[in-house]
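The values are calculated or read from the model by the stated rules, or taken from the named source; none is laboratory data. Being a predicted model, the structure only gives us computed values, none of them experimental. Note that we place each Cβ from the backbone using ideal geometry, even for glycine, and neighbour counts take in every protein chain shown.
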Amino acid sequence: MRDTGQSENSTPISLRTLRFTGQALLRLLLVGAISAAACSDEPPADASAPVKTEPKLTLILEGPVDAEFAPIAGRLTTLYYECYPKLLTRFEHPTRKAPRKIRLTFDPKLDIPAHCSGDRVTVSIKWLKAHPDDIGLLTHELTHAVQAYPDSNPGWLTEGIADYARKQYGPEKQPGWNFPDRLSSRQSYTNSYGVTARFLVWIEEKHPGTVDTLHRHMQDREFRLEDFQTATGKTVDELWEACVEELSQ
């Protein structure tokens, strides 16, 4: 247990050695925020039918959790088991497996909201206490864990795809998140994060499969800006112009 000099009633518990897999986590009752639906033990309607098995996923929580932060930690945990299987299904490379065990580290000193390195996602306790509804940052960071892009790829598209995934895979309600409904000519598709993600959502609506194509090329060190034109028949600048024209109205 980490000594923080706090009173007995607010002393954080250390989660450094806790490892959670599947339903075992959901029985932990760390907080009431964990979804009861996720821990159903009901058998399939047809007991003779083959049961599809999902990849075994493990979440390791590290760092201090006090009474104020515990509900947030619970919501992050629920979100991990809800969104990470979907990210793996869509974005995992067919021959290079993404991590099945993620270390979620709560850092009281981190000055940015969150970051990902390999199988470790570090989030700022300070940020999430101030913005408790911003748990969707975990979806963004977990996307980076699955992307595993080489450094040669453009950062604006890397972050844009991660925010695109956050938009697609939740949580469904994300109050306070800066995801634009409209775009303007004063912006650029290279603005990264929400602006690029909104552009990608628009492209995917017009040309389904484009995001997945770009993503795979980035994983394989084959990405070129001309990939937009190959996938859609229009250059990225032409796409942006059409997108802005539609979304600025």
Residue list for the stretch 207-233, restricted to those being among the hydroxyl-bearing types (S, T, Y), surrounded by 13 or more Cβ atoms within 10 Å (Cβ to Cβ) and touching a Lys or Arg at 6+ places or on another chain (Cβ under 9 Å): T232
Given the conditions (1) in contact with a Leu (Cβ under 8 Å, 6 or more places away or on another chain); (2) over 15 Å from L79 (Cβ atoms), which single one is not true for T143? (2)
Given the residues T196, T190, which is the only one that is within 13 Å of Y164 (Cα to Cα) and in a helix (DSSP H, G or I)? T196
Checking P113, P154 in turn, the sole residue that is farther than 30 Å from E238 by Cα and surrounded by fewer than 18 Cβ atoms within 10 Å (Cβ to Cβ) turns out to be P113
Here is a list: E238, E204. Which entry is within 30 Å of Y80 (Cβ to Cβ) and surrounded by fewer than 18 Cβ atoms within 10 Å (Cβ to Cβ)? E204
Could you grab me the full set of residues in the stretch 174-196 that are within 14 Å of L137 (Cα to Cα) and either free of Cβ contacts under 8 Å to residues at least 40 places away in the same chain or out of contact with any helix residue (DSSP H, G or I) (no Cβ under 8 Å at 6 or more places or on another chain) (or both)? P175, N178, F179, Y193, G194
Among the residues of the stretch 166-184, is any surrounded by fewer than 18 Cβ atoms within 10 Å (Cβ to Cβ), modelled with pLDDT of 95 or more and in a helix (DSSP H, G or I)? no
